[in-house]
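Colleague: Following this message is one structure expressed as structure tokens.
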Amino acid sequence: MKNAIHVIILLVLLIPGRLVAQQELKAHRTFGLDCMQCHTTADWKTLKKDIEFDHRLTGYTLRGNHASASCAGCHAETAFSQLKTDCVACHEDQHRGEFGERCSDCHTPSGWRSPNEDVSRHQLTRFPLLGAHALADCQQCHVNQEEREYVNTPTECYACHQQDYEQAKEPDHIAGDFSRDCAQCHDMGDGGWKGAFEHPVIPFMQTAAHVNLECSDCHVSGYAGTPRDCFGCHEADYRAVQQPNHVAGGYDRDCTVCHEPVHWSPATFDHNLTAFPLQGAHAATPCTSCHESGFGKLPTDCWSCHEQDYRAVAFPNHVDGQFSQDCMVCHNVNAWSPADFDHSLTNFRLTGAHVRTACQSCHVGGQYSGLPLDCQGCHDEDYNRTSQPDHALVGFDRQCEECHNTEAWQPIERMPISIDHDKTRFPLLGAHRTTDCVECHAGLVFAGTPVECFACHEKDFNDAKNPDHVAGSFDRECTTCHNMDAWKPADFDHARTAFPLEGAHAAEPCVSCHVNGDYNITYVDCWQCHETDYNASTQPNHVSAQFAHECTTCHNTTAWVPSTFDHAQTNFPLTGAHASQACESCHIGGDYNITYTDCWQCHETDYNATTQPNHVSAQFAHECTTCHSTTSWVPSTFDHAQTNFPLTGAHATQACESCHIGGDYNITYT
């Protein structure tokens, strides 16, 4: 009875504390940490002085002032998992949402404000602070308002400096209709609003004599609408000039063509800048010789000035000869005569004897147009009277240059003319070079002579017996085996066929494959010749194993034996102990048609026989590679890190049976 009373008293004392601990534990439930990292065994509320808690494990690393803050400063409640990590959850937004919720764009955990932070942060906006702006107080631009204090603040100068623009009098910006783009004249330097105006920012460059002028000299009526071309200011100078008279001569109003900005006179005119640069005799000709009627636009072609010279020429007569009116074909700018005509610029370049021939020999009667360009046009008479050989009788091509050249029609050292056969459809090579012409051109018939080998060598083809070309239905393209040096010996390049000879094939006599002179073989697979070898193989038996007829899988062209099979090309590459096993260990009874690749098919007996641990009772997976390797069945290893309960700390050194009591490996709790 006394013991029962003690138990009741103990329960009364412990139950309230236990209820509190359960509530606290419920708030911490997602921690997944050892309670002893923060609490002591004295009571639940008492915490360690030096808490060994790595805040990085929560996904929120403490940096800066956060690292030195007390836990209670953020965790006022014990429901730690419900605490948000964004800044606005703890820090009141002084900007009223204008800058968004990413406080880290401007602030850091090291401190809410830092030296020069306003300037450096401003560089990230649309308006980086430069010059005097960097020293200005924020409120000068961001006037305190109830809302939208920082967003949409204008960035153009005029928005802030309108009063400065309107009050400016030297010069008066409003009267001068100055641009409101203040940056054209002012800068953001420490000097402030006062700045210098650089004239080059507009198209009128202030140079030479213009530099020393007062602004009012040009801006007589203000700064708006001031002309920027020379004529706008110098029209009076243009009209007053009499030598030469600019108005009467229709001179260009672009004064810079002749004048410089240094002074109005003297002026110089560079004719090379026009469409007609002065060269040769033109450079020494007085201006009035061409500009008789002024300096307006004149023609630039020769004919316009030299038509009279063209018509006056009698040798040769330009008009009768219908010469080109482009004088530069024969004449140059140095002088009208003497003239020189470059025949290479025409469609008929002069070479050989043509160079030494007088112009009248071809241009009979002063005809310089419409003459033929082909040899026959002039040499048809030479063609017809030639008898060695008779060109007309033989039917020679009228393209004279195939046999003749421009040096002479009939050189003394070559009679009759020798033909360059390389320029025909059949260049002479090998034995053909020493063959007499009449052997091919019987009866001196040169036209229509065939160029294919068989036309001349049909008898050689029919007489060949080793091998018999007719019986073997050989191709009539003789160059396949023969060359032009001689009919024999002949050589056939088997590499040009669909079956190049390699390995032992290269040393085999032709008749080994081409039995009875059969050269019409079209197949190229091994089976056609090696079927007997395939059927005769017993180690292993190719027929019973139903091996593929593609012999190159195991054999090569060097020899039928020995042969090799690359198991890595199958779905089951051999690794570990498999690589040293005899083929019969897996291919029992010569069964090479195995298609499975999983371990269980061969190692079911090992699985069933294992008792430490018992694979059957533990219902281990049939995927043996989870614990075993191909090196050997034992020893085996199991990587607990691949499960839902990686082993850490003391668990890593415990025996498996400590947790898997009674061989229970189906534990799912963690």
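The values are calculated or read from the model by the stated rules, or taken from the named source; none is laboratory data. A quick note: this is a predicted structure, and the numbers were derived from the prediction, not measured. Because the Cβ atoms are built from the backbone with ideal geometry, glycine has one as well, and the counts that use them run over all protein chains shown. Areas reflect the complete protein model, heavy atoms only, side chains present, ligands, DNA and RNA absent. Shrake-Rupley method; radii C 1.70, N 1.55, O 1.52, S 1.80 Å.
Colleague: In a shell of Cβ-Cβ distance under 15 Å around Asp463, excluding Asp463 itself, what net charge do Lys and Arg (+1) and Asp and Glu (-1) give? Write out the running numbers ahead of the final one.
Modeller: Working: positive: Lys459, Lys465, Arg476, Lys488; negative: Glu458, Asp460, Asp468.
Neighbourhood net charge equals +1.
Colleague: On to the next question. Can you tell me the dipole magnitude for the chain around its Cα centre, using point charges on the Cβ only (Lys, Arg +1; Asp, Glu -1), in Debye to the nearest 20?
Modeller: Roughly 2360 debye, rounded to the nearest 20.
Colleague: What whole-number value in Å² describes the accessible area per residue of the chain for a 1.4 Å probe? Working shown, then result.
Modeller: On the way: 49930 Å² over 670 residues.
Here the per-residue accessible area is 75 Å².
Colleague: Do any trypsin sites (Lys or Arg not before Pro) in the range 211-292 lie in a loop, going by DSSP, with at most 12 other beta-carbon atoms within 10 Å of their beta carbon, and if so which?
Modeller: Working: sites: Arg228, Arg239, Arg253; in loops: Arg228, Arg253.
Answer in residue order: Arg228.
Colleague: At 0.36 nm per residue, and after removing the present C-alpha to C-alpha distance, how many nm does the segment from Asn317 to Asp54 gain when stretched out fully?
Modeller: 83.6 nm
Colleague: Give the accessible area for Leu83 in Å² (nearest 10); use a 1.4 Å probe, count only protein heavy atoms, and leave out ligands, DNA and RNA.
Modeller: Ignoring ligands and nucleic acids, Leu83 comes out at about 70 Å².
Colleague: Pick out, from Thr424, Gly232, Thr357, the residue whose Cα sits farthest towards the positive end of the charge dipole of the chain, with +1 on the Cβ of Lys and Arg and -1 on the Cβ of Asp and Glu.
Modeller: Gly232
Colleague: Rounded to a whole number, what % of the accessible area of the chain do carbon and sulfur atoms account for, probe 1.4 Å?
Modeller: Taking all protein chains in place, the chain shows 55 percent carbon and sulfur surface.
Colleague: May I pose another question? Provide the gained length on full extension for the span Lys297 to Arg239, in nm with one decimal, where the gain is 0.36 nm per separating residue minus the Cα-Cα distance. Could you put the intermediate results ahead of the total?
Modeller: Numbers: separation 58, 0.36 × 58 = 20.88 nm, distance 1.88 nm.
Taking Lys297 through Arg239 to full extension adds about 19.0 nm, to one decimal.
Colleague: Please give the solvent-accessible surface of Asp217 in Å², to the nearest 10, using a probe radius of 1.4 Å with every protein chain present.
Modeller: 90 Å²
Colleague: I would also like to ask the following. Are there DSSP H segments in the chain that both extend 27 Å or more along their axis (alpha-carbon positions) and score a mean Kyte-Doolittle hydropathy of at least -0.5? List them, or say none.
Modeller: For the chain, where a helix must reach 27 Å along its axis and average at least -0.5, the hits are 2-28.
Colleague: Report, in deg cm²/dmol and to the nearest 500, the calculated mean residue ellipticity at 222 nm for the chain, where each DSSP H run with n ≥ 4 adds -39500 (n - 2.57) and the sum is divided by the residue count.
Modeller: -6000 deg cm²/dmol
Colleague: Highest mean first, how do 606-618, 61-73 rank when packing is the count of other Cβ atoms within 10 Å averaged over residues?
Modeller: So the peptides 606-618, 61-73, ranked by packing, come out 606-618, 61-73.
Colleague: Give, as a single signed number, the net charge of other residues whose beta carbon lies under 15 Å from the beta carbon of Pro573, with Lys and Arg counted +1 and Asp and Glu -1.
Modeller: Charge balance near Pro573 sits at -2.
Colleague: Sticking with this structure for a sec: Answer with one residue from Phe446, Gln546, Pro286: the one whose Cα lies farthest towards the positive end of the charge dipole of the chain, charges on Cβ with Lys, Arg +1 and Asp, Glu -1.
Modeller: Gln546
Colleague: I want the local charge near His622. Using Cβ-Cβ distances under 10 Å, sum +1 for each Lys or Arg and -1 for each Asp or Glu among the other residues.
Modeller: Net charge in that neighbourhood comes out at -3.
Colleague: List the aspartates and glutamates whose Cα sits under 15 Å from the Cα of Lys48, skipping any in the same chain fewer than 8 residues away.
Modeller: Asp34
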